[in-house]
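The values are calculated or read from the model by the stated rules, or taken from the named source; none is laboratory data. None of these values were measured; they are calculated from a predicted model. No Cβ is skipped: glycine too gets one built from the backbone with ideal geometry, and neighbour counts run over all protein chains shown.
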Amino acid sequence: MRPHTIQVADDFLNVRGSFKIVGAVDIGTQASLVRRRNGRFVFLDSYALSGAVEREVLELTHGGKDIEAVLNVHPFHTVFARKMHERFPHAKLYGTARHVSRFPELPWEALRTEDPELHTLFAEDFEFSVPRGVDFISANENVHFSSVLVLHRASKTIHVDDTLMYVRLPKMMRLLGLKDSMSFHPTLAKALEKRPGAARDFRDWAGALIERWRDAENLCAAHTATLTAEKNQGAPIHARLLKALGNVEGKLTAHERKYG
């Protein structure tokens, strides 16, 4: 994937980056540059900026001087954390517990991105949500379901890694009647905590989140695509999320039959 940016709103820039697995398959990644009400900027997630993307970011932020913090919100998205800090060493660096354990030498702030205290610190601009009923940091290194979901209130934009996926089909496939889709990450069944009530806790969390963020108009998802209000030719995000939750009911019911 050629790195590029999407201007989601006047104060929200989504960076679509390249990330290759097994040295060849490019599954892409993302980071979002958001202007706060105080005029300063926050990065949601990290990426190794270069070329036109880097020039655009530097132009917006007075050479990077206006970037006040980097918030890494997915415990398994750690590859670019060091590069981001090296590029903007003055920005406060926040990460999940796994980021800190992976790179203990970096100058992490005391608060973790999953901590309610951090959510309060940035509450003027953002609302955060950590999934319930699932492992936030799975012991299985291949289960990347959980992340800290972020809503930027001013632009009505959700930034999410892995937990939610949006797949936009090529134009030719859409002309054949196939539609784009929004879904929960396929590792949900493996991510659910192996205890009674876990499926109910996840269902309740997801349902409450969908209603609380029902006015969201844009969604930036890692590895897949960004859905903006301008390009949305289908159902509103609220309806898409309700459908996504309905589609995993079978997995939740199966978990309840096994664990209660």
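Observations
- Odd one out for Gly197 among (1) at pLDDT below 95; (2) out of contact with any helix residue (DSSP H, G or I) (no Cβ under 7 Å at 6 or more places or on another chain): (1)
- Residue count for segment 78-88 under the criterion of being modelled with pLDDT under 95 and buried (at least 17 other Cβ atoms within 10 Å of the Cβ): the result is 2.
- Qualifying positions in segment 224-260 - of a type in the set (Asp, Glu), in a helix (DSSP H, G or I) and either closer than 20 Å to Gln7 by Cα or touching a helix residue (DSSP H, G or I) at 6+ places or on another chain (Cβ under 6 Å) (or both): Glu256
- Residue match in segment 79-96 (condition: out of contact with any Leu (no Cβ under 7 Å at 6 or more places or on another chain), under 16 Å from Val34 (Cβ atoms) and in a loop (DSSP other than H, G, I, E, B)): yes
- Taking first residues from segment 87-100 that are within 19 Å of Leu49 (Cα to Cα) and partners that are acidic (Asp, Glu) and part of a loop (DSSP other than H, G, I, E, B), the Cβ contacts under 7 Å between residues at least 6 apart in sequence or on separate chains come to Lys92/Glu109; Leu93/Glu109; Tyr94/Glu109.
- Residue list for segment 91-120, restricted to those being surrounded by 11 or more Cβ atoms within 10 Å (Cβ to Cβ), of a type outside the set (Gly, Ala, Ser) and over 15 Å from Val148 (Cα atoms): Lys92, Leu93, Val100, Arg102, Phe103, Leu106, Trp108, Glu109
- Residues that are surrounded by 14 or more Cβ atoms within 10 Å (Cβ to Cβ), polar (S, T, N, Q) and free of Cβ contacts under 8 Å to residues at least 24 places away in the same chain, drawn from segment 225-260: Asn232
- Residue count for segment 143-173, restricted to those that are assigned to a strand (DSSP E or B), modelled with pLDDT under 95 and either of a type in the set (Val, Ile, Thr) or over 17 Å from Ala216 (Cβ atoms) (or both): 1.
- Among (1) within 20 Å of Thr228 (Cβ to Cβ); (2) at pLDDT 95 or above; (3) among the β-branched types (Val, Ile, Thr) - the single one Thr29 does not satisfy: (2)
- Identity of the residue in segment 29-50, of a type in the set (D, E, K, R) and part of a loop (DSSP other than H, G, I, E, B), that ends up nearest to Asp11 (Cα to Cα): Arg36
- With respect to being at pLDDT below 95 and farther than 25 Å from Lys231 by Cβ, Ile67 falls outside the description.
- Residues of segment 54-77 include at least one that is on the phi > 0 side of the Ramachandran plot and loosely packed, with under 15 Cβ neighbours inside 10 Å.
- Among residues that are of a type in the set (A, V, I, L, M, F, W, C), touching a Lys or Arg at 6+ places or on another chain (Cβ under 9 Å) and farther than 20 Å from Phe136 by Cβ, Leu58 is not included.
- Qualifying residue in segment 135-142 (condition: part of a helix (DSSP H, G or I) and among the β-branched types (Val, Ile, Thr)): no
- Beta carbons closer than 7 Å, at least 6 apart along the sequence or on distinct chains, never pair a first residue in segment 6-27 that is at positive phi with a second that is at pLDDT 90 or above and surrounded by 13 or more Cβ atoms within 10 Å (Cβ to Cβ).
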